[in-house]
Amino acid sequence: MTIFQDIRYGVRVLLASPATTLVMLLILGVGIGANTAIFSFVNALFLKPPALEHPDEILKVFARGPSGHYGAGFSYPEYVALRDHNKSFSSLAAETQIAQTHVVFSNDARELRGAFVSDNYFSTLGLRPLLGRFFLPEENAVPDRNPVVVIGAELWQSRFHADPAVVGSTININQILFHVVGVAPAGFQGVHAGDPQQLWMPLMMLHGARYFGSCPHAFDCSVIDDLIGRVADGRRPRQAEDELRRIVEWSASDWTDAKRQLAIFPIIGFDPDDRAYYATQVRLLMGVAAVLLLVSCANLAGLFLARSLARGKEIAVRLSLGASRSRVMRQLMTESLLLSLLSCAVGLAFSLWGRNALASFYNVDSEGFTHLFDLGIDWRVLVFSFGVAIVTGLLFGLLPALRATRQDLVTQLKEGAGAAGSQRSGWLRQGLVAGQIALSLALLVSAGLLVRSSQTLRQGTNFDPEHMAVLRARTELLHYSPQQNEEFFRQIVERLKSLPDVEAVTFVRGGEGLIWNSRNGRELKVSLPGGEAQALQVKHHDIGLNFFPALRIPMLEGRDFNEHDGPNAPLVAILNQTLANRLWPHSSALGRSLVVNQQRVQVVGVAADTQPANSVEPPAPYLFLPFWQSDPGKEGDLRLAVRVKADPFAVLPEIRRAVRQLDPHVPIGEDMSMIEQIEAEYMPVMLTRSVMSYCGVIALCLSAVGLFSVLTYFVRTRTREIGIRMALGAQISSVLRLIIGQGLAMSVAGVTAGLVLALVATRFLAAWLYGVRTLDLGSFLGAAGLLLAVALIASYLPARRAAQVDPMIALRQE
């Protein structure tokens, strides 16, 4: 029962100093909140299963290709063989994710994320329709015969106003009328974290909906992204994996195990390829939050040390009356754990704001698609937050408790011994403050580097993204012929150029990636004539006219493509500087010949590299080919860049109207400003910059509070000494130097250690630093100068208080 006595007494101690308790709650609550907010994403991205019946029984099956990615896929015959000849799964379903599904409603057209699935998909997941039914086996038996669809509950509510009559109606998807047969249950948006699906169609409609050509039954056609299976009773995932691998070999696929390996994963969080992409970033964010928590703990440890000194006589009396050291220590630890648990509640409140701020970085990608994550607080988040609170309570409470119970009782009970106790613990508190400053400096230096990196990306490297709008038009989803594609491309450029707010228009072939991103593009072979054996694999863009002037990319040599570079003209190309230097390091590339995919082309220009400088990823060779010489109508997919006179957001509605005047059903996507697209493409840099900056500023403030509290307590415990100094003739300036000097000594020690920490920490940021080196002198000196300036201010306030001590009053009180 003594534990309840400790809790009651601890509550009284905390309530006795409400202002101090509130400050400590906020200090620790911020640290716990930051960790909880980031863990909410760790939970959603890696740990949380979808809301399904017995999700622990469901596994995903992927094919790992020779490149190491888990997207090699399966052919339909392989799926049938795996489904019909395995004993490890009670049910095995197939799925192909399709992000760009063009859906025409009565007064609008939208790109929605959908999937093509086998008829047993929903039953394998243990789902029941909200309305209607799911697919029948016969609806997934013959290619292109049964255009039926199941829609999501969110789409049913937002677009069909929750009308039950939607079952039996038709929806125009990729210019095919699909009959709605059912509505998926509320909350179900597929089994891929972050990629919500709103439409499900039979796998046999892949060809009819204009996907994957006409090879649904060929062994060498990978039309299925992944398989989803419910494990049979008594079977383990490893057993299932071994069995399916044997069946894949039996299927006589021309894709042998040397090229492809089967792998099985639980149906939780991200798919394996996405896990690898986000894992490094999440680990770094968790590390940053942990550093902030350490700063909070060091700050509270200093405050608890000061409070244990103030309670030194009380503790000495209890010990002298027979209380054991362990009993007193347990009481002190109960107080620190009470504070940490109360801070846990504060931290959960902070985490709600923090996770929403983090979600804004994940919500939309560079292609304009929405990503949704289940960030709700579940038992994992609560256990994590509670565990962090317990650990922090031990971290900041244990050392002060040990210090308070290990004292000389005789000396402590004498009048004035408190000053001696404060002297003994002074080095410890000063060390804690120096540690806070060191950790804060590491965060500030890292934040400064990331801020400069993000500025470099936003400004563009040898191109100007300001006042640029981008969009994507996909006539291929409307079944346009090659001739119709070419005509539409010419019309859309002329229509946009005629708008009063438009300065320039250019474009690239849509399937080759983002228009400004030199890391995108399709690969082709480039070699010198007669040197095919030394061919380079080079990425390229098929670009429209006015590409370089519209993006303001400098031409270092030669000319841009013009209207004479048509299909009947000699083939030409433009190289970036890196490719030109690679092929002709000691001479000009102009007028030289290249062999590009076994065709001879002439180099007419050399453009500046647009890939941002990075110590990990040097500029890559890149090639530009004229769009109108590259079979322009073969793909109905165009990415446009429009330079405008005003804010791109203000002009985008006018641009969309101009496109829809040509054809109101043309799918328009990725319509945003180029800067917004850059930020989405480099989301890890932008997100880490923001988290690091917020944590760095908070840690800086906490360090200033820690320094201020140490010096304030120093002045209070040495009032008599300061009074004697001033009575003996010490000047106010010397008292100021004494206190400020002590504060700066702690700060300089912390800054020195922090610079060493920053040197180590910034090495982990090298992959995200563009246009700035990891050892950037300005960032290091700027962060150190800021810390020292804040330390000077924090030291001056207690020093001024010390200088105002009246010697007579100080001596009389002593």
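Restricting to the range 511-570, count the residues that are of a type in the set (K, R), part of a loop (DSSP other than H, G, I, E, B) and over 21 Å from L496 (Cα atoms).
2
Could you check how many residues of the range 83-125 are acidic (D, E) and within 29 Å of the chain's Cα centre (by Cα)?
The number of residues fulfilling the criteria is 2.
Anything in the range 532-541 that is open to solvent by 10 Å² or more (accessible area, probe 1.4 Å) and either in contact with a strand residue (DSSP E or B) (Cβ under 6 Å, 6 or more places away or on another chain) or without any contact (Cβ under 8 Å) to a residue 60 or more places away in the chain (or both)? List them, or say none.
First, the residues of the range 532-541 that are open to solvent by 10 Å² or more (accessible area, probe 1.4 Å): 532-537, 539-540.
Once the filter is applied, which keeps residues that are open to solvent by 10 Å² or more (accessible area, probe 1.4 Å) and either in contact with a strand residue (DSSP E or B) (Cβ under 6 Å, 6 or more places away or on another chain) or without any contact (Cβ under 8 Å) to a residue 60 or more places away in the chain (or both), the range 532-541 yields A533, Q534, A535, L536, Q537, K539, H540.
Is there any pair with a first residue in the range 5-21 that is within 24 Å of V705 (Cβ to Cβ) and a second that is open to solvent by 80 Å² or more (accessible area, probe 1.4 Å) and modelled with pLDDT under 85 whose Cβ atoms are under 9 Å apart and which are 6 or more apart or on different chains, and what are they?
T21/L15
If I filter the range 596-610 for residues that are more than 23 Å from P554 (Cα to Cα), touching a helix residue (DSSP H, G or I) at 6+ places or on another chain (Cβ under 9 Å), of a type outside the set (K, R) and not in a strand (DSSP E or B), do I get at least one hit?
yes
Between N120, N86, N107, which is modelled with pLDDT under 85 and either open to solvent by 10 Å² or more (accessible area, probe 1.4 Å) or not basic (K, R) (or both)?
N107
Of all residues being among the polar types (S, T, N, Q) and part of a helix (DSSP H, G or I) in the range 148-188, which is most open to solvent (accessible area, probe 1.4 Å)? Just the residue, please.
Q157
Specify which of the listed residues (L528, L575) is modelled with pLDDT of 95 or more and either aliphatic (A, V, I, L, M) or exposed (fewer than 13 other Cβ atoms within 10 Å of the Cβ) (or both).
From the options L528, L575, the qualifying one is L575.
Looking at R763, R801, can you tell me which residue is closer than 21 Å to T688 by Cα and open to solvent by 40 Å² or more (accessible area, probe 1.4 Å)? I'd like the intermediate steps shown before the answer.
Details: R801 fails: closer than 21 Å to T688 by Cα.
Exactly one of R763, R801 is closer than 21 Å to T688 by Cα and open to solvent by 40 Å² or more (accessible area, probe 1.4 Å), namely R763.
Picking from S615, S587, which residue would you name as being over 27 Å from R490 (Cα atoms), open to solvent by 50 Å² or more (accessible area, probe 1.4 Å) and without any contact (Cβ under 8 Å) to a residue 12 or more places away in the chain?
Matching residue, one of S615, S587: S587.
Could you please tell me which pairs satisfy a Cβ distance under 7 Å, a separation of 6+ or placement on different chains, a first residue in the range 696-708 that is farther than 18 Å from L25 by Cβ, and a second residue that is open to solvent by 20 Å² or more (accessible area, probe 1.4 Å) and not acidic (D, E)?
That search, which allows pairs on different chains as well, returns G696/L444; L700/L444; L700/V790; A704/V790; F708/L797.
Does R12 fit the bill of being among the charged types (D, E, K, R) and within 30 Å of L284 (Cβ to Cβ)?
Considered against the rule, which asks whether it is among the charged types (D, E, K, R) and within 30 Å of L284 (Cβ to Cβ), R12 comes out as no.
Filtering the range 555-572 down to residues that are touching a residue at least 40 places away in the same chain (Cβ under 8 Å), under 42 Å from the mean Cα position of the chain (by Cα) and within 17 Å of F507 (Cα to Cα), which residue is surrounded by the most Cβ atoms within 10 Å (Cβ to Cβ)? First the steps, then the outcome.
Taking the range 555-572 first, the residues touching a residue at least 40 places away in the same chain (Cβ under 8 Å) are 555-561, 565-567, 569, 571-572.
Okay, now just the ones that are also under 42 Å from the mean Cα position of the chain (by Cα), so 555-561, 572.
Now restrict to residues that are within 17 Å of F507 (Cα to Cα): 560-561.
Details: D560: 19, F561: 24.
So, considering only residues that are touching a residue at least 40 places away in the same chain (Cβ under 8 Å), under 42 Å from the mean Cα position of the chain (by Cα) and within 17 Å of F507 (Cα to Cα), the one surrounded by the most Cβ atoms within 10 Å (Cβ to Cβ) is F561.
Which of the residues belonging to the range 590-610 are more than 14 Å from H540 (Cβ to Cβ), open to solvent by less than 60 Å² (accessible area, probe 1.4 Å) and more than 41 Å from the chain's Cα centre (by Cα)?
G591, S593
Kindly check whether there is at least one residue in the range 1-23 that is surrounded by 23 or more Cβ atoms within 10 Å (Cβ to Cβ) and touching a helix residue (DSSP H, G or I) at 6+ places or on another chain (Cβ under 9 Å). Even if it seems obvious, please write down each step before you answer.
Step one: of the range 1-23, the residues surrounded by 23 or more Cβ atoms within 10 Å (Cβ to Cβ) are none.
No, there is no match, as no residue in the range 1-23 is surrounded by 23 or more Cβ atoms within 10 Å (Cβ to Cβ) and touching a helix residue (DSSP H, G or I) at 6+ places or on another chain (Cβ under 9 Å).
Does the range 41-80 hold any residues that are open to solvent by 20 Å² or more (accessible area, probe 1.4 Å), of a type in the set (D, E, K, R) and in contact with a strand residue (DSSP E or B) (Cβ under 6 Å, 6 or more places away or on another chain), and which are they?
Of everything in the range 41-80, those that are open to solvent by 20 Å² or more (accessible area, probe 1.4 Å), of a type in the set (D, E, K, R) and in contact with a strand residue (DSSP E or B) (Cβ under 6 Å, 6 or more places away or on another chain) turn out to be E57, R64.
Looking at the range 463-484, which of its residues are out of contact with any helix residue (DSSP H, G or I) (no Cβ under 7 Å at 6 or more places or on another chain) and buried (at least 19 other Cβ atoms within 10 Å of the Cβ)?
E476, L477, L478
Consider L777 against the criteria (1) at pLDDT below 90; (2) open to solvent by 60 Å² or more (accessible area, probe 1.4 Å): it satisfies all of them except one. Which criterion is unmet?
Here L777 clears every test but (1).
Within the range 234-279, track down each residue that is at pLDDT below 85, over 19 Å from F89 (Cα atoms), open to solvent by less than 70 Å² (accessible area, probe 1.4 Å) and among the aliphatic types (A, V, I, L, M).
Across the range 234-279, there are no qualifying residues.
The values are calculated or read from the model by the stated rules, or taken from the named source; none is laboratory data. All values derive from a computational prediction rather than experimental measurement. All Cβ positions, even for glycine, are placed from backbone atoms using ideal geometry, and neighbour counts span all protein chains on display. Surface areas here come from the heavy atoms of the whole protein model, side chains and all, with no ligands, DNA or RNA. Shrake-Rupley method; radii C 1.70, N 1.55, O 1.52, S 1.80 Å.
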